[in-house]
1. Working from Cα positions, state the angle (0 to 90°, nearest 10) between the long axis of helix 297-315 and the longest principal axis of the chain.
2. Exposed loop sites here are chymotrypsin sites (Phe, Trp or Tyr not before Pro) in DSSP loop states with at most 13 other C-beta atoms within 10 Å. What is the longest stretch of the chain lacking them?
3. Using θ = phi - 60° and the Karplus form 6.51 cos²θ - 1.76 cosθ + 1.60, what ³J(HN,Hα) does each residue of the stretch 280-287 get, whole Hz, x for Gly and Pro?
4. In whole Hz, what ³J(HN,Hα) sequence does the stretch 181-191 give by Karplus (6.51, -1.76, 1.60; θ = phi - 60°), x for Gly and Pro?
5. Want the number for Q49 to F4: 0.36 nm per residue separation, take away the alpha-carbon distance, what's left?
6. Once you have the Cα-Cα distance between Q98 and Q302, take 0.36 nm times their residue separation minus that, and quote the gain in nm to one decimal.
7. Mind listing the phi-derived Karplus ³J(HN,Hα) values for the stretch 216-230, rounded to whole Hz, using 6.51, -1.76 and 1.60 with θ = phi - 60°, and x for any glycine or proline?
8. Scan the stretch 13-78 for GluC sites (Glu not before Pro) in coil per DSSP, keeping those whose Cβ has at most 14 other Cβ atoms within 10 Å, and list them by number.
Amino acid sequence: MDRFQQISARLARADGYFRDGDDQAASAFYSAALRLASQAGPLPPPLMQACQTAQQRLGELAARYERFLAERLEQAEARPEPGTRFADAVDMLFGRKQPVAQEPKILFYPGMPARELYPREGFDWVPALEAETAAIREEALALSGSGRAFAPYVTASEDRPQDAHRLVDDDSWTAFYLWRDGRPVPEAAERCPRTVEAMERVPLCRVEGKSPNVLFSRLAPGAHIPPHTGLVNTRLICHLPLVVPPGCGFRVGNRSLSWREGETLIFDDTIDHEAWNRGREERIILLFEVWQPALEAAERDQVAALLSAVDAYARRGRPPSAP
């Protein structure tokens, strides 16, 4: 039996199951026939038409399947509410979304949940920080209006190859650090005392030579931070939105949303994410990092020691003054 005959045979089986109302079997044989047809090269016109009919019927079967499940879920009072993990699971079942994966650039720690967003209600330090939003915003705006306080977030390094990135040394995405690589920035305490005080009550990641990092992140109108992933899956990234004009947005994995001023956003940055500002004014957030809650206290100490050692190795051979 040649390939065209195999395709015809599978289509005939599928048609029979379709007439009998066996949707699962029909879908399986239509899909198998179309996979084979995609590898067979040019098809005779009658077979091409039959494959087009098969594609249409696959759509009908998929819609019928979705309606059936929706009715059963409604009866069971198990509706997939938008924005929930259950809704994501249903969307993945129908191929509307893809499973998310952690892709850390440095360290993958086993057993950490691959979860895009974390509810801020689960972190007891959030209310006290959010209560200081107005004072923190005032300090950030004072910096933003003072000239060159902010510097490009992504900078080139002479002793490392530079990945292609359109925002390297670009003023479209800039930062002012309050803590950098585990050390407080002296200027920050003087210029942003309320912010520094508020952050001292947050359980930040602490890794010698690496963390915490706390900064005001400013995104200019028209700027787009392209999709990327972070370094380690043992931390979560937090945003306290301070200035969010219309047209700003954020995506992590399958979740797209808009920041809300004064409402902390907590996410896993090892899952593919991006941000944009399609508005007419700059967007400013306070960005910082906390430990992944799934890590036990002893594991945090071990991870901190490991990451500090990784950093120490990376600095070998550099001039003492090198950052």
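Derivation of every value follows stated rules applied to the coordinates shown; laboratory data play no part. None of these values were measured; they are calculated from a predicted model. Because the Cβ atoms are built from the backbone with ideal geometry, glycine has one as well, and the counts that use them run over all protein chains shown.
1. Orientation of helix 297-315: about 80 degrees from the principal axis.
2. Longest run free of exposed loop sites: 109-323.
3. Calculated HN-Hα couplings, in order: 10, 10, 6, 9, 10, 10, 9, 10 Hz.
4. 6, x, 10, x, 8, x, 4, 5, 4, 6, 8
5. So the extension gain works out to 14.9 nm.
6. On the way: separation 204, 0.36 × 204 = 73.44 nm, distance 3.30 nm.
Contour length minus the Cα-Cα distance gives 70.1 nm.
7. Listing the rounded values in order: 8, 10, 10, 10, 6, x, x, 7, 9, 8, x, x, 7, 10, x Hz.
8. On the way: sites: E60, E66, E71, E74, E77; in loops: E77.
Those satisfying the criteria are E77.
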